[in-house]
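Computed from the coordinates by the stated procedures, all read-outs in this text should not be read as laboratory data. All values derive from a computational prediction rather than experimental measurement. Cβ atoms come from the backbone with ideal geometry, glycine included; neighbour counts cover every protein chain shown.
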Amino acid sequence: MNDFSYLDPNTTYLDAACQSLRPQPVIGALNQYYLKHNSCGERVKYPWGEKTDQLVESTRQKVLKFLKLKSKDYFTSFTLNTTYGINLLLNSIDPKYIKKVVTSDIEHNSPFLATISLSQRLHIPRVVLTRHDDGSLPLETNFQGAVVIVNCAANFDGRQLLNLKEVIKKVHADGGIIIIDAAQAMAHYHTMLEKTEADAICFSAHKMYAASLGVIVTRRDLLPKLTPAFLGGGMVDDVFQDGYLLSAENKDHTYTIFEPGLQAWAEIISLGTAIDWLEHRTKKDQANLSAYTQELYDFLLDKPKVHLVNQEPNPTMSFYVDGMDSHLIGAALGKQGIMTRTGYFCAHYYLDKIRHLPPLVRCSLSYATRDSDIDRVKSALKNL
């Protein structure tokens with residue numbers, strides 16, 4: 001793909017689940033900011049700042065449009081990453097609305113550790129639900145008074161929360177709050193979140209072809225239950241000796257409840273460009289990614305010493321090899337210019353404690369993947 005023409009032909013990048021490579025238009029948007037209007041946004045009256053404000057606001061709206069959500073129902077805030085967004089949310093919900101916290105066994109450490117911390121801090125029960133093999137969540141639990149936080153796509157094999165809509169409906173029917181970790185879904189499976197009714201969605205721009213950035217999409221109905229976990233510049237309309245007036249109380253600035261201090265203007269703008277770029281992926285682009293995924297999956301599945309964690313093909317796939325250290329495999333691949341990730345990928349509880357698996361090798365493909373990349377991996381692993 002021409003948008004990744006800067007890639008060295010002798011380099012294969014298969015770590016998109018950590019962060020995706022950036023297409024040329026996204027790199028161009030970053031350069032444009034730094035070269036043409038490198039300025040702060042918010043409360044700025046000069047042309048550079050006004051340009052920044054315009055593009056940042058455009059990105060907020062593009063995020064909602066990408067998810068087919070309406071601005072009267074949701075608002076978009078920016079933060080550091082998914083981990084920070086999840087922790088920020090959990091620390092912003094008024095404790096009186098939290099009687100227990102619920103998560104699942106296949107979570108990234110971001111929600112898994114954050115729910116442990118919340119449980120300990122508030123002295124409330126914590127429930128870890130066992131996801132079905134297909135990724136769906138059991139619905140027998142009573143979610144009354146619960147804050148539920150689960151992913152909609154796992155970071156080690158890409159399995160999806162197939163009953164996402166039913167989970168959200170059940171949590172709300174029971175009187176709970178539900179937060180979705182969508183970090184692994186937004187690049188290639190964002191349609192599963194379209195018109196969602198979740199209370200909040202957290203994801204990372206750097207996993208969907210933009211620069212490093214976190215995003216929180218929040219339902220406006222949740223606002224009365226929120227108190228800012230942090231306070232700082234850009235969050236208030238007025239300050240008194242012993243008080244302040246939050247900007248978030250203005251419906252046009254509700255996003256500020258999660259945005260203390262200056263924001264990552266260039267990164268935010270790059271996300272808007274990345275969304276435009278994703279929306280223009282053709283059926284051929286999607287077919288190529290599916291074909292490369294299937295080819296690598298079939299190759300690994302055919303190796304008797306290779307054990308795939310995946311039960312079906314997915315751009316994110318993990319495996320281990322009998323009698324071989326995955327970290328050494330990753331290092332050997334790296335010396336050949338093939339970049340994979342090894343270990344437990346911050347899913348220690350499920351992969352190590354539940355499945356009792358050794359450290360794994362993870363290959364995560366993207367729209368930057370080329371047929372030559374698959375050929376190089378197959379050649380490097382042919383003797384397994």
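In the neighborhood of Val56, defined by Cβ-to-Cβ distances under 12 Å, what is the net charge if each Lys or Arg adds +1 and each Asp or Glu adds -1? Present the calculation step by step, with values, prior to reporting the outcome.
Values: positive: Lys51, Arg60, Lys62; negative: Glu42, Glu50, Asp53, Glu57, Glu259, Glu267.
Result for the neighbourhood of Val56: -3.
Do the alpha carbons of any pairs in Lys70/Lys195; Lys303/Lys382; Lys100/Lys165; Lys165/Lys195 sit beyond 19 Å of each other, and which pairs? Numbers along the way, then the final one.
Working: Lys70/Lys195 9 Å; Lys303/Lys382 9 Å; Lys100/Lys165 21 Å; Lys165/Lys195 10 Å.
Cα-Cα > 19 Å for Lys100/Lys165; rest within.
So between Lys305 and Cys18, what do we pick up on full extension, going 0.36 nm a residue minus the alpha carbon distance?
Working: separation 287, 0.36 × 287 = 103.32 nm, distance 2.62 nm.
In short, 100.7 nm is gained.
Select from Leu231, Asn109, Thr52 the residue farthest towards the positive end of the dipole of the chain; place +1 on Cβ of Lys and Arg, -1 on Cβ of Asp and Glu, and compute about the Cα centre.
Farthest towards the positive pole: Asn109.
Where in segment 185-251 are there trypsin sites (Lys or Arg not before Pro) that are in a DSSP coil and have at most 14 other Cβ atoms within 10 angstrom of their Cβ?
Numbers: sites: Lys195, Lys207, Arg219, Arg220, Lys225, Lys251; in loops: Lys195.
Hits after loop and neighbour filter: Lys195.
Express the relative contact order of segment 140-253 as a whole percentage, based on alpha carbon pairs under 8 Å and six or more residues apart in sequence.
Values: 147 pairs, mean separation 20.1, N = 114.
The value is 18 percent.
With each pseudo-label sitting 7 Å past Cα toward Cβ, what's the Ser39-Thr282 distance in nm, one decimal?
3.9 nm
Restrict the search to segment 264-368; then list the trypsin sites (Lys or Arg not before Pro) that DSSP places in a loop and that have at most 16 other Cβ atoms within 10 Å of their Cβ.
Details: sites: Arg281, Lys283, Lys284, Lys305, Lys335, Arg341, Lys353, Arg355, Arg362; in loops: Arg281, Lys305, Arg355.
Answer by residue number: Arg281, Lys305, Arg355.
Under a Cβ-only charge scheme (Lys and Arg +1, Asp and Glu -1), can you give me the dipole magnitude of segment 247-384 about the Cα centre, in debye to the nearest 20? Intermediate values should be presented prior to the final figure.
On the way: 15 positive and 17 negative charges, 116 e Å.
So the magnitude is around 560 debye.
What list of ³J(HN,Hα) values in whole Hz, one per residue of segment 360-371 in order, does the Karplus curve 6.51 cos²θ - 1.76 cosθ + 1.60 (θ = phi - 60°) give from phi, with Gly and Pro shown as x?
3J(HN,Hα) across segment 360-371, in whole Hz: 10, 9, 10, 10, 10, 8, 7, 5, 7, 5, 10, 4.
Tell me, how many Å apart are the Cα centres for segment 111-150 and for segment 301-376?
With segment 111-150 and segment 301-376 each reduced to a Cα centre, they are spaced 28 Å.
Which longest uninterrupted range of the chain lacks any GluC sites (Glu not before Pro) assigned by DSSP to a loop state (not H, G, I, E or B) and surrounded by at most 10 other Cβ atoms within 10 Å?
Working: sites that count: Glu140, Glu194.
That gives 195-384 as the longest site-free run.
Which value, in debye to the nearest 20, gives the size of the charge dipole of segment 1-104 about its Cα centre, when Lys and Arg are +1 and Asp and Glu are -1 at the Cβ?
Working: 14 positive and 9 negative charges, 117 e Å.
Its charge dipole is roughly 560 debye.
Once you list every other residue whose beta carbon is under 11 Å from the beta carbon of Ala146, what net charge do they have if Lys and Arg are +1 and Asp and Glu are -1? Don't skip to the end; give the middle numbers.
Numbers: positive: Lys99, Lys100, Arg126, Lys170; negative: Asp174.
Summing Lys/Arg as +1 and Asp/Glu as -1 gives +3.
How many nm separate the modelled label positions at Ala229 and Ser71, each set 7 Å beyond the Cα in the direction of the Cβ?
Distance between the two pseudo-spin positions: 2.7 nm.
What are the trypsin sites (Lys or Arg not before Pro) within segment 67-153 that DSSP puts in a loop, where the Cβ has at most 14 other Cβ atoms within 10 Å? Mind showing how you got there, number by number?
On the way: sites: Lys68, Lys70, Lys72, Lys96, Lys99, Lys100, Arg121, Arg126, Arg131; in loops: Lys68, Lys70, Lys72, Lys99, Arg131.
Those satisfying the criteria are Lys68, Lys70, Lys72.
With +1 on each Lys and Arg Cβ and -1 on each Asp and Glu Cβ, and nothing else charged, work out how big the dipole of segment 37-278 is about its Cα centre, in Debye to the nearest 20. Write out the running numbers ahead of the final one.
Numbers: 25 positive and 27 negative charges, 61 e Å.
So the magnitude is around 300 debye.
Leaving out same-chain residues fewer than 8 places away, which lysines sit with a Cα under 22 Å from that of Lys284?
Lys207
Under a plain spin-label model, where a point goes 7 Å from the Cα along Cα-to-Cβ, how far apart in nm are Lys251 and Arg220?
Computed distance between label sites Lys251 and Arg220 equals 0.5 nm.
Under a GNM of the chain (C-alpha, springs under 10 Å), which listed residue has the highest mean-square fluctuation: Ile354, Ile180, Ile338?
Judging by the Gaussian network model, the answer is Ile354.
Restricting to the chain, what percent of DSSP beta bridges are antiparallel, rounded to 5?
Values: 27 of 45 bridges.
So the antiparallel bridges in the chain amount to around 60 percent.
Out of Asn10, Ala248, Leu193, whose Cα points farthest toward the positive end of the dipole of the chain (charges: +1 Lys, Arg; -1 Asp, Glu; placed on Cβ)?
Final value for the positive-end residue is Leu193.
Round to the nearest 0.05 the FRET efficiency obtained for Gln294 and Ile116 when R0 = 45 Å and r is the Cβ-Cβ distance.
Details: r = 38 Å, r/R0 = 0.84.
About 0.75, to the nearest 0.05.
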